[in-house]
1. Working only within segment 116-135, note down all residues that are of a type outside the set (A, V, I, L, M) and either touching a Gly at 6+ places or on another chain (Cβ under 8 Å) or under 17 Å from residue 190 (Cβ atoms) (or both).
2. Might you check whether a residue that is touching an Asp or Glu at 6+ places or on another chain (Cβ under 9 Å), in contact (Cβ under 8 Å) with a residue 12 or more places away in the chain and closer than 24 Å to residue 54 by Cβ occurs anywhere in segment 146-154?
3. So which of 187, 192 ends up being in contact (Cβ under 8 Å) with a residue 24 or more places away in the chain, in contact with a Pro (Cβ under 9 Å, 6 or more places away or on another chain), among the β-branched types (Val, Ile, Thr) and under 26 Å from residue 59 (Cα atoms)?
4. Which of the numbered conditions does residue 136 fail, given that it passes all the others? Conditions: (1) among the polar types (S, T, N, Q); (2) in contact with a helix residue (DSSP H, G or I) (Cβ under 7 Å, 6 or more places away or on another chain); (3) in a helix (DSSP H, G or I).
5. Going by the structure shown, is residue 125 part of a loop (DSSP other than H, G, I, E, B) and either closer than 25 Å to residue 29 by Cα or modelled with pLDDT of 90 or more (or both)?
6. Looking only at segment 210-223, count how many residues are surrounded by fewer than 19 Cβ atoms within 10 Å (Cβ to Cβ) and under 19 Å from residue 53 (Cβ atoms).
7. For segment 63-83, what are the residues that are at pLDDT 90 or above and over 19 Å from residue 121 (Cβ atoms)?
8. Check segment 192-207 and report whether any residue there is more than 21 Å from residue 38 (Cβ to Cβ) and not small (Gly, Ala, Ser).
Amino acid sequence: MIQNNYNKTTLGDIHDLKDLDNHIYTEEEIKDFSFINAVNSHPLSHKPSSMRSKLAYKEIMSNLNPTSKYILPGTIVLFGYSNPKYASTLDYYDGTPLTLFFGITRTDNGKIREIGFNLHYFPPYARLRMLQSALNAFSPFFEKQFNEDIHKPNHMISYKHLKYIMRSNLKLAFGVREYIPTLRGQTYVIPTRLLSTAFYSEGHFSSATLSQIFKFWRQFRRF
């Protein structure tokens, strides 16, 4: 567990977004942390969706340094992917994915691909439940990187395990994407303390992609 002797405020003292995102959590606060409560009580929760998404991106970029390393299984990442290879032929395309990565694979010709769920393909109510399920299942890992990214893989996480804990295989498959590491732009690995802010980011979709997303989710009344 992370110990901090320089934390000067408690969560009860925090009233605005900047203070929240600068807050370093104590061991006791990490132990008592509820992601659902953090999202529902977040300063962005009552703002219009377009405004809160812009503010979420701004906060992430001002509080974290981008990385060029490979994305490791178990990490949640916000990054730019504005010019993917074969973009014109992709059925679904988000220019700024928020992705829970669960693996790395190689193509037949040996090229590395990073694989994960783009959480922006899921509406907020489903996104919240997916993230809460992942945090519950892998709590020791997310506690270790609560205040900062430790850049170590979660060896427990896998697509099979995630499908099991979330019990929604078809819905998960909809958001699975493969990414070419060399085409990632600025990449921010989200520590757990900033996850409730990243939750309020939204993707940058074409109208054709939005149409596909809405068509998919109209099939489901409940997650």
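1. 116, 117, 118, 120, 121, 122, 124, 127, 132, 133
2. No - not one qualifying residue is present in segment 146-154.
3. It is 187.
4. If we test residue 136 against (1) among the polar types (S, T, N, Q); (2) in contact with a helix residue (DSSP H, G or I) (Cβ under 7 Å, 6 or more places away or on another chain); (3) in a helix (DSSP H, G or I), just (2) comes out false.
5. No: the conditions fail for residue 125.
6. 3
7. Across segment 63-83, the qualifying residues are 63, 64, 65, 66.
8. Yes, segment 192-207 contains at least one residue that is more than 21 Å from residue 38 (Cβ to Cβ) and not small (Gly, Ala, Ser).
The values are calculated or read from the model by the stated rules, or taken from the named source; none is laboratory data. Please read all numbers here as calculations on a predicted model, not as lab measurements. Backbone-built Cβ (ideal geometry, glycine too); neighbour counts: all protein chains shown.
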